[in-house]
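Report on the following structure.
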Amino acid sequence: MPGVSLGRIDRRLSGPERVRVHTSCRLINVLALTLGRAAVWGQVPMEALRERIIRAQGGRQALSGVGEVMGRAAFGGWEFSARFCASVPRDVDFLLLPGSAEVAFSDFPAATQTAWFGPRGTRIENAAGVCLAEREAPGAVLRSVGHWFAWDTLDAVYYCGLALWHALAPPFLLMREELDAEVLPECEVAGKRLQRLRLCATDAAMLPAGDLLLYADASGLLQRLDCSSPCAGGWPRMAQLCEGHEAVERAVLATRRRFHGCFGGQRQWPLMPLAWLELDDLGLARSRPAG
């Protein structure tokens, strides 16, 4: 947007009129400069922050072509005990597919059985692949008032599968250019200044909860992830605190997570964590060789 030159003002204007015109021209020039900067700041920081987070998580070569993430997972915490949930994945082998938002828990809830989480729901299969039980998304944990106070195995599979996918998939999601990203203002969390990047998608296979808010430190290392909670009807939001970062075949992943409810934006509930997750023996399988 071009500025307005004060030299073009008719010198024959009276004193008060000249002052008013000078003031208007200055305001127009300031507005043009502000809009020009906003156009740049609206694009460059997003790409710069996205690349910084990718580099801190191992870089494009380490994250490219990953089709599967596998390992062992253990869940626990108040979220399960408060709902009298007896079937909780503890020390269970899992397989996670970042590209399709699917998670499989082996030998759960019983030996030779596999519990599957996906954007369309949950199911339990036997060794022959026969479906023993299934339920449509979003886990149906709100299907009755009484069900708020008691979770069955399929509810636990949905909750744990969604939490595990959000815990491990984001670094690989950042490699997908079709995923919308937006930079939000920095904020202070637990005494740390963190940068924020929101990821959005309408396809549940990309983001089962619809959106994901990433918090990164100055180096780009992920410190926290926020998402809506389909298990609670989309409200409140859930915050995952990332700890124990380790290099897994050059990709940097957090091996410990604590889950907190949050309200008023990024504020966490001032209570104990709702749940926790610990990961071990992590590995990657690539659909194509890393560059």
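A few points about this structure:
- Residue ID - nearest to L162 (Cα to Cα), chosen from residues in region 117-137 that are β-branched (V, I, T) and crowded, with 18+ Cβ neighbours inside 10 Å: T122
- Residue among A82, A101 that is at pLDDT below 90 and closer than 21 Å to D281 by Cα: A101
- Count of region 44-89 residues which are closer than 17 Å to A216 by Cβ and in contact with a strand residue (DSSP E or B) (Cβ under 8 Å, 6 or more places away or on another chain): 11
- R193 meets the conditions (1) in contact with an Asp or Glu (Cβ under 7 Å, 6 or more places away or on another chain); (2) surrounded by 13 or more Cβ atoms within 10 Å (Cβ to Cβ); (3) modelled with pLDDT of 85 or more in every case but one. The failed one is (2).
- Scanning region 165-172 for any residue that is surrounded by 22 or more Cβ atoms within 10 Å (Cβ to Cβ) and assigned to a loop (DSSP other than H, G, I, E, B) turns up at least one such residue.
Residue by residue, here is whether (1) out of contact with any Pro (no Cβ under 9 Å at 6 or more places or on another chain); (2) at pLDDT 55 or above; (3) part of a helix (DSSP H, G or I) holds:
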{"site": "R11", "(1), (2), (3)": "yes, no, no"}
{"site": "R18", "(1), (2), (3)": "yes, no, yes"}
{"site": "L33", "(1), (2), (3)": "yes, no, yes"}
{"site": "G36", "(1), (2), (3)": "yes, no, yes"}
{"site": "E47", "(1), (2), (3)": "yes, yes, yes"}
{"site": "E51", "(1), (2), (3)": "yes, yes, yes"}
{"site": "G58", "(1), (2), (3)": "no, yes, no"}
{"site": "P89", "(1), (2), (3)": "no, yes, no"}
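- Contact map, region 59-75: residues that are under 26 Å from Y159 (Cβ atoms) paired with residues that are of a type in the set (S, T, N, Q) and not in a strand (DSSP E or B), Cβ distance under 7 Å, separation 6+ or inter-chain. Pairs shown: G67/S287.
- Only listed residue being touching a helix residue (DSSP H, G or I) at 6+ places or on another chain (Cβ under 8 Å), closer than 30 Å to E134 by Cα and not hydroxyl-bearing (S, T, Y), chosen from L174, L162: L162
- Among the residues of region 196-211, those identified as aliphatic (A, V, I, L, M) and at pLDDT 85 or above are L197, L199.
- Scanning region 227-282 for residues that are modelled with pLDDT of 95 or more and aliphatic (A, V, I, L, M) gives A247, V248, A251, V252, L253, A254, L277, L279, L282.
- Restricting region 89-103 to residues that are more than 10 Å from V157 (Cβ to Cβ) and buried (at least 21 other Cβ atoms within 10 Å of the Cβ), the residue that is farthest from the chain's Cα centre (by Cα): F94
- Of all residue pairs spaced 6 or more apart or on separate chains, those with beta-carbon atoms under 6 Å, a first member in region 108-122 that is at pLDDT 95 or above and a second member that is assigned to a loop (DSSP other than H, G, I, E, B) are F108/P89; P109/S87; T112/A127; Q113/N126; A115/F108.
The values are calculated or read from the model by the stated rules, or taken from the named source; none is laboratory data. In this text the structure is predicted, and so the values were computed from the model without any measurement. No Cβ is skipped: glycine too gets one built from the backbone with ideal geometry, and neighbour counts run over all protein chains shown.
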